[in-house]
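**Q** Got a structure for you, questions after.
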2 protein chains.
Amino acid sequence: MTTPAVSSRDLPHPVREEIRLESVLHALSDPLRLQIVRELAAASGELSCSHFDLPVTKSTSTHHFRVLRESGVLRQDYRGTAKMNGLRRDDLDDLFPGLLDTLLDAAARQAARLRSN
Amino acid sequence: MTTPAVSSRDLPHPVREEIRLESVLHALSDPLRLQIVRELAAASGELSCSHFDLPVTKSTSTHHFRVLRESGVLRQDYRGTAKMNGLRRDDLDDLFPGLLDTLLDAAARQAARLRSN
């Protein structure tokens, strides 16, 4: 008997009740992670890790996605060789009504403000 | 000529335009700092550092208040020997409309949820 290979590809996620506000805020306190979340929100669907053009090494990029996954901000699943990412909007909206949209609005306002300076 | 003693007691604060969303979220990603902000919001006025009964050493407490001040979340001023703290609600509401109240609501919901478990 061997363990099915697929199990080693199952990535750990917190269930809804385990998601903590402090961890969500920490996950979003990094400019690149905030950018990832903004792109996912704008796409309103799943995006592969390779879709994101981040100015960091592969291992740093993997770290940022892991922080977002472990905090409960996004869900990661393998589709073949691609790691797909989707915002956990339902879970976040249920736990913290309005928070995700307010954060996205704040990030958009700041980006516009910094561009215009 | 000597420099007036008061100047060494002036604490550095970012001006409104220097406040960054990422720094605000980082400041609020710690449970004790989030608790400080919740108490300040509930007090709707200034509170001295010694008002807060935090389960940490004096130097750790000072660190937490400094992170909150340097991120622009609160303003600290000396009144005699007391260091007084006040939320920078006007600045935060202007830069990120609705964010502070949404975060306070999220923190209150989580606290109620964890108490009921």
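The values are calculated or read from the model by the stated rules, or taken from the named source; none is laboratory data. Here the structure is a predicted model, which is why all the values come from computation and not from measurement. Cβ: placed from backbone, ideal geometry, glycine included. Neighbour counts: every protein chain shown. Please note that ligands, DNA and RNA were not included when accessible areas were found on the heavy atoms of the full protein model with its side chains. Shrake-Rupley method; radii C 1.70, N 1.55, O 1.52, S 1.80 Å.
**Q** Quick one: how many residues across region B:48-96 are within 14 Å of another protein chain (Cβ to nearest Cβ) and either more than 22 Å from residue A:25 (Cβ to Cβ) or open to solvent by 50 Å² or more (accessible area, probe 1.4 Å) (or both)? Please lay out each step first, then the result.
**A** Here is the first cut: in region B:48-96, the residues within 14 Å of another protein chain (Cβ to nearest Cβ) are B:64, B:67-68, B:70-73, B:91-96.
Within this subset, residues satisfying the condition of being either more than 22 Å from residue A:25 (Cβ to Cβ) or open to solvent by 50 Å² or more (accessible area, probe 1.4 Å) (or both) are B:70, B:93-94.
Total satisfying the criteria: 3.
**Q** Mind checking which residues of region B:54-74 are without any contact (Cβ under 8 Å) to a residue 40 or more places away in the chain and either within 18 Å of residue B:15 (Cα to Cα) or assigned to a loop (DSSP other than H, G, I, E, B) (or both)? Spell out how you get there, then give the answer.
**A** Within region B:54-74, the first condition is being without any contact (Cβ under 8 Å) to a residue 40 or more places away in the chain, and the residues that meet it are B:54-66, B:74.
Of everything in region B:54-74, those that are without any contact (Cβ under 8 Å) to a residue 40 or more places away in the chain and either within 18 Å of residue B:15 (Cα to Cα) or assigned to a loop (DSSP other than H, G, I, E, B) (or both) turn out to be B:54, B:55, B:56, B:57, B:65, B:66, B:74.
**Q** I'd like the residue in region A:15-38 that is open to solvent by less than 70 Å² (accessible area, probe 1.4 Å) and in contact with a His (Cβ under 8 Å, 6 or more places away or on another chain) and, out of all such residues, is farthest from the other protein chains (Cβ to nearest Cβ).
**A** In this case the residue turns out to be A:36.
**Q** For region B:9-53, what are the residues that are in contact (Cβ under 8 Å) with a residue 60 or more places away in the chain and farther than 24 Å from residue A:38 by Cβ? Break it down stepwise before answering.
**A** Going residue by residue through region B:9-53, those that are in contact (Cβ under 8 Å) with a residue 60 or more places away in the chain are B:9, B:11, B:13, B:16, B:19, B:21, B:24, B:28, B:34, B:37-38, B:41.
B:9, B:11, B:13, B:37, B:38, B:41, listed by residue number.
**Q** Quick one: which residue in B:101, B:105, B:94, B:77 is assigned to a helix (DSSP H, G or I), acidic (Asp, Glu) and more than 30 Å from residue A:17 (Cβ to Cβ)? Talk me through it step by step, then tell me what you get.
**A** Numbers: B:101 fails: more than 30 Å from residue A:17 (Cβ to Cβ); B:105 fails: more than 30 Å from residue A:17 (Cβ to Cβ); B:77 fails: assigned to a helix (DSSP H, G or I).
When all the criteria are applied, what remains is B:94.
**Q** Then there's this: Right, residue A:45: away from chain B (no Cβ under 11 Å), over 30 Å from residue B:17 (Cβ atoms) and surrounded by fewer than 16 Cβ atoms within 10 Å (Cβ to Cβ) or not? Before the answer, list the steps.
**A** Values: away from chain B (no Cβ under 11 Å): yes; over 30 Å from residue B:17 (Cβ atoms): yes; surrounded by fewer than 16 Cβ atoms within 10 Å (Cβ to Cβ): yes.
So residue A:45 passes the test.
**Q** I'd like to check something: does region A:1-13 contain any residue that is at pLDDT 95 or above, hydrophobic (A, V, I, L, M, F, W, C) and not in a strand (DSSP E or B)? I'd like the intermediate steps shown before the answer.
**A** Quick first cut of region A:1-13, residues at pLDDT 95 or above only: A:13.
With hydrophobic (A, V, I, L, M, F, W, C) added as a condition, the list becomes none.
Looking through region A:1-13, none of the residues is at pLDDT 95 or above, hydrophobic (A, V, I, L, M, F, W, C) and not in a strand (DSSP E or B).
**Q** Given the criteria touching a helix residue (DSSP H, G or I) at 6+ places or on another chain (Cβ under 9 Å), basic (Lys, Arg), free of Cβ contacts under 8 Å to residues at least 12 places away in the same chain and exposed (fewer than 15 other Cβ atoms within 10 Å of the Cβ), does residue A:113 qualify?
**A** Details: touching a helix residue (DSSP H, G or I) at 6+ places or on another chain (Cβ under 9 Å): yes; basic (Lys, Arg): yes; free of Cβ contacts under 8 Å to residues at least 12 places away in the same chain: yes; exposed (fewer than 15 other Cβ atoms within 10 Å of the Cβ): yes.
Considered against the rule, which asks whether it is touching a helix residue (DSSP H, G or I) at 6+ places or on another chain (Cβ under 9 Å), basic (Lys, Arg), free of Cβ contacts under 8 Å to residues at least 12 places away in the same chain and exposed (fewer than 15 other Cβ atoms within 10 Å of the Cβ), residue A:113 comes out as yes.
**Q** Can you give me the number of residues within region A:49-74 that are small (Gly, Ala, Ser) and over 23 Å from residue B:23 (Cα atoms)? I'd like the intermediate steps shown before the answer.
**A** Taking region A:49-74 as the starting set, the residues that turn out to be small (Gly, Ala, Ser) are A:50, A:59, A:61, A:71-72.
Add one more test, that the residue is over 23 Å from residue B:23 (Cα atoms), and what stays is A:50, A:59.
Here the count works out to 2.
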